[in-house]
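The values are calculated or read from the model by the stated rules, or taken from the named source; none is laboratory data. The structure presented is a predicted model; accordingly, all values stated were derived computationally and were not measured. FYI the Cβ positions are ideal-geometry reconstructions off the backbone, even for glycines, and counts take in every protein chain you see.
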Amino acid sequence: MNPKMISLLTVLFCCAFTVFAHATEAEVDGRMSEPLVTDRPDFTESTETIPPGHFQLESGYTFTYDRESKERLREHAAPELLLRVGMADNLELRFGWDGYAWSDTQFEGETRGGRAVTREASFQGAQDLSLGFKYKMAEQDGWVPHFGVIGAITVPSGSDGVSSGDVDPELVWLWAYDLSDNLSVAGNFGVGLPSNDGGRFFQGSASLSAVLALSEKVGAYIEYFGFYPNAEQSDAAHSVNGGITFLVNNNFQLDWRIGAGLNEEADDFFTGFGFAWRF
């Protein structure tokens, strides 16, 4: 295992042990009676944090298809892990790994004998780990929405050709507003400094999501999100998606999503499914 991954896991374990050592049994039992709040499957991160003395594991799979000019890309990514650890009231530690990516690209070349010549290339590799925190700054009060913030860094722990090769910071501002018991809106504004070929560039991101509770167990959402720019020396990418969540019980949820790009820079199509488990 990569030494940097071992170091991060060690830090995470020590922090989690400290939390559980100070959390009373009554606190744990009381918090577990409330339904969990997840940061998947949508792009928008919630303002809610994990209560002290809890873990929440979120995981999933995504398939992506994109066609640009004479290239067609199909990519699979799993297990998209996010481990959230409640450290204190309104504060959580976040340990993430987008997982392993498998991609196949087809290139359409010149025609020979009336037929297009197609070449194929495959690639796979592990993506970088991330470590961060989430802090909820304010509860909704009148016209003032819920507010929160996420700070995170990625570390160069992935495979060659997949890893950025450097530490990449990101800061995301979170907001949410409950319009009724069944309907809410939320959004994120993010800034990051990703690495690319030894250099860095400024990247902004934003999202807007509407969430509807269809029943006590079933929820649905629709969302816009974008990156500005999508990559160094490229245009912005705009996408929309929607999905459904199913609450099996207060501590376990299943989800599914599907989406599409709104411009050439964004992926043409993506879909995926996953789960969240609090323990």
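The set of residues from the stretch 66-95 being polar (S, T, N, Q) and within 30 Å of Ala138 (Cβ to Cβ) comprises just one member, Asn90. Would the stretch 216-234 turn up any residue that is within 26 Å of Leu93 (Cα to Cα) and over 20 Å from the mean Cα position of the chain (by Cα)? Within the stretch 216-234, not a single residue is within 26 Å of Leu93 (Cα to Cα) and over 20 Å from the mean Cα position of the chain (by Cα). Take the conditions (1) over 16 Å from the mean Cα position of the chain (by Cα); (2) within 19 Å of Asp66 (Cα to Cα); (3) modelled with pLDDT of 95 or more; Gly242 misses just one of them, which is (1).
Of the strands (runs of 3 or more DSSP E) lying entirely inside the stretch 137-234, those containing at least 3 residues that are β-branched (Val, Ile, Thr) and at pLDDT 95 or above are 146-155.
The set of residues in the stretch 79-98 that are more than 15 Å from the chain's Cα centre (by Cα), more than 18 Å from Glu170 (Cα to Cα) and assigned to a strand (DSSP E or B) comprises Val85, Gly86, Met87, Ala88. The single condition among (1) exposed (fewer than 15 other Cβ atoms within 10 Å of the Cβ); (2) of a type outside the set (Asp, Glu); (3) over 30 Å from Arg200 (Cβ atoms); (4) out of contact with any Gly (no Cβ under 9 Å at 6 or more places or on another chain) that Ala231 does not meet is (3). Taking the stretch 50-99, which residues are modelled with pLDDT of 95 or more, among the hydroxyl-bearing types (Ser, Thr, Tyr) and surrounded by fewer than 16 Cβ atoms within 10 Å (Cβ to Cβ)? Correct list: Tyr61, Tyr65.
Within the stretch 245-279, the set of residues being touching a Pro at 6+ places or on another chain (Cβ under 9 Å) and without any contact (Cβ under 8 Å) to a residue 60 or more places away in the chain comprises Asn249, Glu265.
The residues on offer are Ser209, Ser184, Ser215, and the sole one that is polar (S, T, N, Q) and surrounded by fewer than 19 Cβ atoms within 10 Å (Cβ to Cβ) is Ser215.
Within the stretch 248-269, track down each residue that is under 19 Å from the mean Cα position of the chain (by Cα), hydrophobic (A, V, I, L, M, F, W, C) and surrounded by fewer than 20 Cβ atoms within 10 Å (Cβ to Cβ). Within the stretch 248-269, Phe252, Leu254, Trp256, Ile258, Ala260, Phe269 qualify.
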